[in-house]
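The values are calculated or read from the model by the stated rules, or taken from the named source; none is laboratory data. In this text the structure is predicted, and so the values were computed from the model without any measurement. Quick reminder, even Gly has a Cβ in these numbers, built from the backbone with ideal geometry, and neighbours come from all protein chains shown.
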Amino acid sequence: MGYSSYLMILSVYIISFLIGLPANLFALYAFSVKIYSKPLPTDILLLNLTVSDLLFLIILPLKMHEAASNMIWTLPYFLCTVTSLTFFSTIYTSSLLLMAVSVVRFIGVAYPIAYHQLLKPVYAIVISAVIWIISTAHCSITVIVQELPSLANKNSCVCYGNFTERQLKVLLPVRLELFFVLCLVPLLTCVYCYLRSIWILFTRPRISQMQKQKAIGMALGTLAVFLICEVPYNVSHVVGYFEGMSPPWRDYALLLSTFNTCIDPIIFYFSSSTFQCRSEKFIFRRQRPPAAGLQMQSKNVSKV
């Protein structure tokens, strides 16, 4: 990797930090206010997604320092462990939270009665906690591989790189599992939930055309970000497993994941306002007795 590559990596980190940090701080404030007034499941999940992005951005200056040092780690080594764990776990936390949001959206549109029975904030809080535990536990395995005395490469001055053959024998299968469990499953779940939600909305004639366009725009935007920012890096796990080494383009694919912190706040905005109560009110009305329909809508129906 030459000087131009280091410069490109540094530039991407700087741009992501300058754009992503204020955008996510604003999103943090907005969702905090929203949850304080009316805690909805989607808003709680998106608040956790914002926190995940902010954690990613907080350790980004350390990655900038690494790139400016030609990818040589000159800081205290314990910071390498903290940086690696935070850097990679937040990527997968975002994937799982986006999956959770898509599932909640789908339930709200397809099964509104069941959705309104699950509005307690504790459910979203528990789901968020489980997601944090899953992503952190999985990524801690990849970091521990570098730290184990029996596997550690004591001559390496690179943070999370230059793995020995013994390390790769443990690391590559774990990465492959990360691809299937923390990338492919969330991606397929998002595709199914959003396509089904869009189909349901488009089959409801009383929902406005603008509302339908917003719904499909938000769904396709979320899936596009998933495919562009998350999939390439995770595909490197599959390629690396079969090649028996980390592919050289892996670092460049990882840069796409960094841009995710800039795009997420845009998704946050549309996610909190796209599938409006109109669609749910109509579906909910179809499943209630006519006499109680309007009264139940005014009291119980709210947007996801």
* Asked: In region 16-38, how many residues are surrounded by 12 or more Cβ atoms within 10 Å (Cβ to Cβ) and either touching a His at 6+ places or on another chain (Cβ under 6 Å) or among the aromatic types (F, W, Y) (or both)?
  -> 3
* To do: Would you check if there is a residue in region 189-202 being at pLDDT below 85 and farther than 20 Å from F87 by Cα?
  => yes
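Filter the helices (runs of 4 or more DSSP H) completely within region 159-247 down to those with at least 1 residues that are out of contact with any Asp or Glu (no Cβ under 7 Å at 6 or more places or on another chain) and within 28 Å of V145 (Cβ to Cβ).
On the way: elements: 165-179, 185-202, 209-225, 231-243.
The qualifying helices (runs of 4 or more DSSP H) are 165-179, 185-202, 231-243.
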* Structure fact -> Restricting attention to region 126-143, the residues that are touching a residue at least 60 places away in the same chain (Cβ under 8 Å) and over 16 Å from the mean Cα position of the chain (by Cα) number exactly 1
* **Output for region 248-272, where each listed residue is part of a helix (DSSP H, G or I) and either at pLDDT below 80 or of a type in the set (S, T, Y) (or both)** => Y252, S257, T258, T261, I266, I267, F268, Y269, F270, S271
* Asked: Failed condition for F179, given (1) touching a residue at least 40 places away in the same chain (Cβ under 8 Å); (2) under 30 Å from V109 (Cβ atoms); (3) surrounded by fewer than 14 Cβ atoms within 10 Å (Cβ to Cβ), with all others met?
  -> (3)
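Every residue, every condition in (1) farther than 26 Å from V225 by Cβ; (2) of a type in the set (V, I, T), yes or no:
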{"residue": "N70", "(1), (2)": "yes, no"}
{"residue": "T74", "(1), (2)": "yes, yes"}
{"residue": "L79", "(1), (2)": "yes, no"}
{"residue": "V82", "(1), (2)": "yes, yes"}
{"residue": "I91", "(1), (2)": "no, yes"}
{"residue": "I107", "(1), (2)": "no, yes"}
{"residue": "Q117", "(1), (2)": "yes, no"}
{"residue": "Y123", "(1), (2)": "no, no"}
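Condition first: hydroxyl-bearing (S, T, Y) and either in contact with a helix residue (DSSP H, G or I) (Cβ under 8 Å, 6 or more places away or on another chain) or surrounded by 13 or more Cβ atoms within 10 Å (Cβ to Cβ) (or both). Now tell me which residues in region 188-212 satisfy that.
Scanning region 188-212 gives T189, Y192, Y194, S197, S208.
Sort out which residues of region 109-129 are of a type outside the set (S, T, Y) and closer than 15 Å to L47 by Cα, and write them in order of number.
Across region 109-129, the qualifying residues are P121, V122, A124, I125, V126, I127, A129.
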* Give the number of residues within region 188-235 that are in contact (Cβ under 8 Å) with a residue 40 or more places away in the chain and over 18 Å from A100 (Cα atoms). => 12
* Asked: When you go through I107, I15, I59 one by one, which is the residue that is closer than 17 Å to Y160 by Cα and either out of contact with any Cys (no Cβ under 9 Å at 6 or more places or on another chain) or at pLDDT 90 or above (or both)?
  -> I59
* Residues of region 67-102 satisfying the condition of being closer than 14 Å to C193 by Cα and either surrounded by fewer than 18 Cβ atoms within 10 Å (Cβ to Cβ) or polar (S, T, N, Q) (or both) -> S102
* Asked: Exactly one of (1) surrounded by 21 or more Cβ atoms within 10 Å (Cβ to Cβ); (2) under 18 Å from the mean Cα position of the chain (by Cα); (3) of a type in the set (S, T, N, Q) is unmet by Q146. Its number?
  -> (2)
